[in-house]
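S.K.: Can you keep this structure in mind? I'll have questions shortly.
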Amino acid sequence: DLPADFPPLTSIEAHANNLPIQPTVFIGRETELRELRTLLRQADTRLVTLTGPGGTGKTRLALQVVASVLDQFDDGICFVDFAPTTNTRLVASTIAHALGIRDLGAGPVSEILKDYLQEKQMLLLLDNMEAVVSEAPLIAELLDAAPHVKALATSRIILRLRGEHEFPVLPLPLPDPRRLPPLSTLSQYAAVALFV
């Protein structure tokens, strides 16, 4: 009397995505992960921007959080990296390429994106938006056209878009150098654990 059929195992491979594989274990930021998961699950949250200086771990945090909410988005998650984009006029085509849209036709790429995303229920992970911040209004247009699409962006600066939720990413905490704890407990600090 045992069941013979089981649902597929929950794993990153079971959901549509193009997330880069992370070669290292994720360390620390449990509070930030919890808060971001909660924020992304709220129906009225459409755009969250992780802000902070370069090297604070915005991209790694974003990748970790989206991997943990994959099952929330029926049409998956799309990772778009704008770091190599030097021409801001290529933002729409960069997003289209990441989504796997090959036939861009003769019309404006932004309109093709709107049509493609209109019925989708997915999350766009937009990395290094500071490189193309002048084109941020395109993101607002896409979200307006696609009511079930959300965006999680990483940027050194806020995008200044309507409905944007800024989420500052601070450096990992360090012990006070004037009152260092015993050496055996230093690895309890995420920054030290990451360094080790």
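The values are calculated or read from the model by the stated rules, or taken from the named source; none is laboratory data. Owing to the predicted nature of the structure, the values given are computational and were not obtained by experimental measurement. As a convention, Cβ positions derive from the backbone with ideal geometry for all residues, glycine included, and neighbour counts pool all protein chains shown. Just the protein is used for accessible areas: all its heavy atoms, side chains included, with ligands, DNA and RNA removed. Shrake-Rupley method; radii C 1.70, N 1.55, O 1.52, S 1.80 Å.
S.K.: On C-alpha positions alone, give me the angle between the axis of helix 58-68 and the longest principal axis of the chain, in degrees, nearest 10.
M.R.: Helix 58-68 and the main axis of the chain meet at about 70 degrees.
S.K.: So what's the net charge close to F82: Lys and Arg +1, Asp and Glu -1, counting the other residues with Cβ under 11 Å from its Cβ?
M.R.: So the surrounding residues net to -4.
S.K.: Toward the positive end of the charge dipole of region 32-76, about the Cα centre and with charges on Cβ (Lys, Arg +1; Asp, Glu -1), which of V69, G55, L33 goes farthest?
M.R.: G55
S.K.: So I have (i) 8, 29, 29, 22, 10, 2; (ii) 8, 32, 32, 16, 8, 3, 0; (iii) 10, 38, 38, 13, 1, 0, and one of them is P(r) over Cα pairs in 10 Å bins from 0, in percent calculated from this model. Which one is it?
M.R.: (ii)
S.K.: Taking the Cα atoms only, what angle lies between the long axis of helix 136-145 and the longest principal axis of the chain, rounded to 10 degrees?
M.R.: It is inclined by approximately 60 degrees.
S.K.: Taking amide hydrogens as modeled 1.01 Å from N in the peptide plane, which residues meet the under 5 Å criterion relative to Q121, leaving out close sequence neighbours?
M.R.: Amide H neighbours of Q121, under 5 Å, 5+ apart: D75.
S.K.: Related question: Would you mind telling me which residue in T56, T31, T88 has the biggest mean-square fluctuation in a Gaussian network model of the chain, where springs connect alpha carbons within a distance under 10 angstrom?
M.R.: T31
S.K.: Okay, next question. Region 128-188: Rg/Rh from Cα coordinates, Kirkwood Rh? List each step's numbers first, then the result.
M.R.: Values: Rg = 18.9 Å, Rh = 14.8 Å.
Over the Cα atoms of region 128-188, Rg/Rh equals 1.27.
S.K.: Separate question: Can you give the helix-only mean residue ellipticity at 222 nm for the chain, where every DSSP H stretch with n ≥ 4 adds -39500 (n - 2.57) and the sum goes over all residues, rounded to the nearest 500 deg cm²/dmol?
M.R.: The helix-only estimate for the chain comes to -8500 deg cm²/dmol at 222 nm.
S.K.: Moving to a separate point now. What is the percent carbon and sulfur in the accessible area of region 115-196, measuring with a 1.4 Å probe over the protein chains and ignoring ligands?
M.R.: Carbon and sulfur atoms account for 57 percent of the accessible area of region 115-196.
S.K.: Just to confirm a number: summing +1 for Lys and Arg and -1 for Asp and Glu over residues other than L61 whose beta-carbon lies under 9 angstrom from that of L61, what do you get? Present the calculation step by step, with values, prior to reporting the outcome.
M.R.: Numbers: positive: R29, K58, R60; negative: E32.
Within the 9 Å Cβ shell, the charges total +2.
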